[in-house]
2 protein chains.
Amino acid sequence: MEPASERTRLRRRAERGRYDRETVHAILDEALVCHVGFSVEGQPYVIPTTYARVGDLLYVHGAAASRMLRTLAGGVPVCVTVTLIDGLVLARSAFHHSMNYRSVVVLGTAIEVVDPDERRRALEAIVEHVVPGRAPDVRSPSDEELRATRVLCLALDEASAKVRTGPPLDAAADLGRRCWAGVIPLRLTAATPLADPDLAAGIAPSPEVVGYRR
Amino acid sequence: MEPASERTRLRRRAERGRYDRETVHAILDEALVCHVGFSVEGQPYVIPTTYARVGDLLYVHGAAASRMLRTLAGGVPVCVTVTLIDGLVLARSAFHHSMNYRSVVVLGTAIEVVDPDERRRALEAIVEHVVPGRAPDVRSPSDEELRATRVLCLALDEASAKVRTGPPLDAAADLGRRCWAGVIPLRLTAATPLADPDLAAGIAPSPEVVGYRR
């Protein structure tokens with residue numbers, strides 16, 4: 001599949017580029033945070049934040065007073081990048097060390113979401129993105145909380161993914177080196193949930209909390 | 001401790017800001033990848049890449065032909081952000097959901113490293129950053145590999161960290177809600193190393209590979 005724009009076409013390592021919607025969506029759905037890039041007076045800033053994908057839209061949210069949200073709501077170019085690290089690729093040469101990863105880069109201009117229903121749906125989607133099944137258990141935002149929150153939306157029109165998998169690719173001349181080579185697989189894992197010290201007695205964590213995994 | 005510049009001072013959630021060198025260094029040393037933000041013709045780009053900290057310097061590297069490295073070598077403003085996710089903070093209200101995390105934001109202008117010895121030391125530091133103890137086992141870069149690699153350096157002069165820890169902070173009125181609240185701790189864990197299919201017989205992974213952890 002071809003990239004949506006020349007800006008999102010991978011130039012180097014073109015064989016790692018993926019432009020199909022399924023790959024892009026799967027990476028966005030698995031990661032927990034994105035890194036949002038924008039410029040203020042010529043200085044780039046990169047800020048981590050959580051998000052949700054709904055169809056072909058990406059939602060981010062934050063305090064209405066946040067500089068990032070205020071800047072982006074002004075309609076400036078933005079880049080949202082999501083990265084999953086799947087493993088460390090250990091080659092026999094320093095040069096061929098690498099990582100197995102899946103990343104997505106989205107370019108565009110975010111717009112502020114003003115419709116109250118879409119705002120509520122976006123905020124619920126963000127809770128569900130982080131812990132699927134959680135939203136019905138918790139209190140929904142009050143009007144005051146909604147006023148304090150800005151929601152932005154970025155279309156996934158210009159998105160590209162980059163994927164590296166598999167073992168190291170050493171030069172033939174290095175294959176005889178007496179050095180272990182291979183991949184150390186990595187993944188984000190959940191430990192036993194820690195109850196809030198203020199939790200009332202007799203409230204057990206729900207299955208989506210106890211069995212949490214990405 | 002005070003921030004090094006007003007640009008790096010946290011405005012919102014100021015209580016999460018940390019400006020001491022120890023905290024900044026510890027986060028940089030634990031994370032595997034950073035997200036590098038820069039602009040090309042007004043469009044921000046955010047690219048994940050590995051790196052190493054040496055003293056008060058951050059090194060990144062890549063193909064000499066890479067657009068990111070070429071752009072940064074031209075002396076443009078850059079932002080390098082590193083994020084560690086420590087846990088999901090599950091509150092009783094959607095609004096107070098959060099994450100426990102440690103992040104570092106570095107602002108500045110990268111410079112290209114041209115001194116051959118510093119280049120070699122930086123590349124070795126990047127291997128050692130990812131897998132401590134690995135560099136002595138592998139073949140060092142050849143002259144040709146060095147020519148194909150660009151190394152950039154960013155001083156940690158303008159760096160700030162942001163740290164959230166602890167349980168959810170619900171409003172008092174929500175504490176009676178019959179809903180589990182607490183933290184799901186997360187960490188990046190290594191699975192059993194996978195040997196390269198081309199690995200010669202009788203080569204076992206070294207202790208730093210078998211016992212790998214961040």
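The values are calculated or read from the model by the stated rules, or taken from the named source; none is laboratory data. Source: prediction; values computed, not measured. Cβ: placed from backbone, ideal geometry, glycine included. Neighbour counts: every protein chain shown.
Computed values, structure above
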item: Where a residue in the stretch A:153-178 is free of Cβ contacts under 8 Å to residues at least 24 places away in the same chain and over 30 Å from residue A:71 (Cβ atoms) and its partner, wherever it lies, is among the β-branched types (Val, Ile, Thr) and in a loop (DSSP other than H, G, I, E, B), with Cβ under 9 Å and at least six apart; result: A:178/B:203
item: Within the stretch A:164-210, tally of residues that are in a loop (DSSP other than H, G, I, E, B) and more than 30 Å from residue B:165 (Cα to Cα); result: 14
item: Looking only at the stretch B:153-185, and only at residues there that are facing chain A (nearest Cβ under 7 Å) and under 26 Å from the mean Cα position of the chain (by Cα), the one that is surrounded by the fewest Cβ atoms within 10 Å (Cβ to Cβ); result: B:185
item: Verdict on residue A:143 being more than 9 Å from chain B (Cβ to nearest Cβ) and among the acidic types (Asp, Glu); result: yes
item: Residues that are farther than 27 Å from residue B:173 by Cα, surrounded by fewer than 17 Cβ atoms within 10 Å (Cβ to Cβ) and not hydroxyl-bearing (Ser, Thr, Tyr), drawn from the stretch A:186-214; result: A:187, A:188, A:191, A:211, A:213, A:214
item: Hey, residue B:122 buried (at least 21 other Cβ atoms within 10 Å of the Cβ), at pLDDT 95 or above, over 30 Å from residue B:10 (Cα atoms) and touching a strand residue (DSSP E or B) at 6+ places or on another chain (Cβ under 7 Å) or not; result: yes
item: Criterion: closer than 23 Å to residue B:89 by Cα and modelled with pLDDT of 95 or more - qualifying residue of A:45, A:51; result: A:51
item: Selection within the stretch B:1-18 - touching a residue at least 24 places away in the same chain (Cβ under 8 Å), among the basic types (Lys, Arg) and in a loop (DSSP other than H, G, I, E, B); result: B:9, B:13
item: Matching residues, the stretch B:74-118, being assigned to a helix (DSSP H, G or I), buried (at least 18 other Cβ atoms within 10 Å of the Cβ) and more than 7 Å from chain A (Cβ to nearest Cβ); result: B:96
item: Residue count, the stretch B:27-58 (criterion: farther than 24 Å from residue A:159 by Cβ and either within 14 Å of chain A (Cβ to nearest Cβ) or in contact (Cβ under 8 Å) with a residue 12 or more places away in the chain (or both)); result: 12
item: Answer from A:125, A:148 - the residue that is small (Gly, Ala, Ser), within 11 Å of chain B (Cβ to nearest Cβ) and within 21 Å of residue A:104 (Cα to Cα); result: A:125
item: Every residue from the stretch B:59-73 that is within 11 Å of chain A (Cβ to nearest Cβ) and at pLDDT 95 or above; result: B:61
